[in-house]
Amino acid sequence: MGKSDAAKELFQNFRTRIACHSTDLLTIRTFQDLIGEEDRQKRSHSYSELSQDARKNYVLGGFDADNANISESISTSVHRESIVTGKDFSRLNAFEAIVAPRFQTVS
């Protein structure tokens with residue numbers, strides 16, 4: 001077992017995990033794996049225009065057409081995303097940290 005595996009094993013046993021500002025991808029990914037993911041909705045919006053016999057309008061700019069169709073499309077999808085992102089780590093200032101408490105019940 002290498003040093004990296006031992007460090008991960010030790011880190012896994014802590015009840016409260018604290019991470020400060022970091023740009024190291026391995027540190028960020030490790031913390032993301034420990035915190036987990038959640039379902040998030042993404043929304044996309046698009047417009048399209050279809051016209052026949054378009055003519056250039058030199059006065060107003062753009063194009064003119066007698067027979068044109070305009071359509072709009074909105075789609076929403078759900079996907080899994082990390083709760084904490086790399087941007088969250090890079091935005092941390094001095095004396096700021098991301099804390100991941102692990103709650104467990106005692107019987």
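The values are calculated or read from the model by the stated rules, or taken from the named source; none is laboratory data. Keep in mind the model is a prediction, meaning the values are calculated, not measured. Cβ coordinates were reconstructed from backbone atoms using ideal geometry, including for glycine residues, and neighbour counts include every protein chain displayed.
Just one of the numbered conditions (1) among the charged types (D, E, K, R); (2) modelled with pLDDT of 85 or more; (3) in contact with a helix residue (DSSP H, G or I) (Cβ under 9 Å, 6 or more places away or on another chain) is not true of GLU38; which one?
(3)
Can you find a residue that is in a strand (DSSP E or B) and at pLDDT 75 or above anywhere in the stretch 82-89?
Taking every residue of the stretch 82-89 in turn, at least one turns out to be in a strand (DSSP E or B) and at pLDDT 75 or above.
Check ASN57, ASN69 and return the single one that is more than 24 Å from the chain's Cα centre (by Cα), in contact (Cβ under 8 Å) with a residue 12 or more places away in the chain and surrounded by fewer than 12 Cβ atoms within 10 Å (Cβ to Cβ).
ASN69
Which count do you get for residues in the stretch 28-54 that are touching a residue at least 40 places away in the same chain (Cβ under 8 Å) and surrounded by 12 or more Cβ atoms within 10 Å (Cβ to Cβ)?
Residues meeting the conditions: 7.
Is it fair to say VAL99 is at pLDDT below 85 and in a loop (DSSP other than H, G, I, E, B)?
Considered against the rule, which asks whether it is at pLDDT below 85 and in a loop (DSSP other than H, G, I, E, B), VAL99 comes out as no.
Take the stretch 72-88 and flag every residue that is loosely packed, with under 10 Cβ neighbours inside 10 Å and within 24 Å of HIS45 (Cα to Cα).
GLU72, SER73, ILE74, SER75, THR76, SER77, VAL78, HIS79, ARG80
Would you mention how many residues in the stretch 19-77 are outside any strand (DSSP E or B), under 29 Å from ALA94 (Cβ atoms) and not aliphatic (A, V, I, L, M)?
The number of residues fulfilling the criteria is 12.
Out of (1) in a loop (DSSP other than H, G, I, E, B); (2) hydrophobic (A, V, I, L, M, F, W, C); (3) surrounded by 10 or more Cβ atoms within 10 Å (Cβ to Cβ), what's the single condition that is false for ALA94?
Looking at each condition in turn, ALA94 falls short on (3).
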